Amino acid sequence: MSGTPVRERLVDAAFDLFDERGFEQTTADDIADRAGVGRTTLFRHYRSKEDVIFPDHDRLIAAVQERLKTSSAETALVAVTDAVRLVLLRYVEEGDRARRRYRLTSRVAALRDREIASVARYQRLFREFIADWMGPAPGAALRAELMAAAVVSSHNHVLRRWLRRDADDPAAELDAAMAQVVSLFTRPDEPAGASGTTVVVLRDHRDPDYVAATIRRALQEP
């Protein structure tokens, strides 16, 4: 126990106490005592008892922003897919801890509200990025709002499936879901039926020759 980082000890203590006593009945002092540290130490690492069990969204949002900044107009949609995958994989890396949080937020309204607020931050970030990519064309603001909502909904759908142990390969499921999202939208200056072909390439575990042949057939279709 003494070799475990303080932040991790506080997280484990919070989850255990919330399970044993309930969220409302557990205080910050209780968490600090269970972790074997002082109250001051807890608040040096976390702002509140709610913060103890949530992932570091500030750091994760910064990583998403950095990925989006590296894109160009031609690679914007790929950047969105990569950024969404960053968020999903952060939860997957947490493993059982993410599932414990999911059970808690399902039971405790205050935690559920906190999670909803975090989701809204990601959606706003994607909306602003997509709106900038689309430019000031008529209707672009609404399209950006709709697409950002679809992006976040796809992520949440796959994440919930993984949390419920219904998804064996959540990254692959997210790629497939994002491909569907991308297919729903074109830039305002590229109306449906315009000449040319848009190809979105995502990771695929199948034989490259098979994938290439499938793409060729799709490009040849009228």
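Residue 110: at pLDDT below 90, assigned to a helix (DSSP H, G or I) and within 25 Å of the chain's Cα centre (by Cα), yes or no?
Considered against the rule, which asks whether it is at pLDDT below 90, assigned to a helix (DSSP H, G or I) and within 25 Å of the chain's Cα centre (by Cα), residue 110 comes out as yes.
Find all pairs meeting these conditions: Cβ atoms under 8 angstrom apart; at least six residues apart or on different chains; first residue within the range 64-93 and in a helix (DSSP H, G or I); second residue among the hydroxyl-bearing types (Ser, Thr, Tyr).
Close Cβ pairs satisfying both conditions: 64/122; 78/71; 79/70; 79/71; 84/154; 87/122.
Quick check on my filter: what residues within the range 19-46 are within 26 Å of the chain's Cα centre (by Cα) and more than 19 Å from residue 108 (Cα to Cα)?
Correct list: 45, 46.
On the given criteria, is residue 52 more than 19 Å from residue 153 (Cβ to Cβ), in a helix (DSSP H, G or I), open to solvent by less than 50 Å² (accessible area, probe 1.4 Å) and of a type outside the set (Gly, Ala, Ser)?
So residue 52 passes the test.
Kindly check whether there is at least one residue in the range 19-26 that is in contact with a Leu (Cβ under 9 Å, 6 or more places away or on another chain) and of a type in the set (D, E, K, R).
Within the range 19-26, one or more residues are in contact with a Leu (Cβ under 9 Å, 6 or more places away or on another chain) and of a type in the set (D, E, K, R).
Considering only residues of the range 14-32 that are farther than 18 Å from residue 100 by Cα and touching a residue at least 12 places away in the same chain (Cβ under 8 Å), which is surrounded by the fewest Cβ atoms within 10 Å (Cβ to Cβ)?
Looking at residues that are farther than 18 Å from residue 100 by Cα and touching a residue at least 12 places away in the same chain (Cβ under 8 Å), I get 27.
Would you confirm, using the coordinates I've provided, whether residue 42 is touching an Asp or Glu at 6+ places or on another chain (Cβ under 8 Å), open to solvent by less than 20 Å² (accessible area, probe 1.4 Å) and not in a loop (DSSP other than H, G, I, E, B)?
So residue 42 does not fit the description; no.
Restricting attention to the range 140-166, which residues are under 15 Å from residue 95 (Cα atoms) and open to solvent by 80 Å² or more (accessible area, probe 1.4 Å)?
160, 164, 165, 166
What residue, of 122, 210, is modelled with pLDDT under 90, part of a helix (DSSP H, G or I) and over 23 Å from residue 74 (Cβ atoms)?
Only one candidate passes the filter, namely 210.
The values are calculated or read from the model by the stated rules, or taken from the named source; none is laboratory data. Please read all numbers here as calculations on a predicted model, not as lab measurements. So basically every Cβ, Gly included, is an ideal-geometry build from the backbone, and we count neighbours across all protein chains shown. All accessible areas refer to the heavy atoms of the entire protein, side chains included, with ligands and DNA or RNA removed. Shrake-Rupley method; radii C 1.70, N 1.55, O 1.52, S 1.80 Å.
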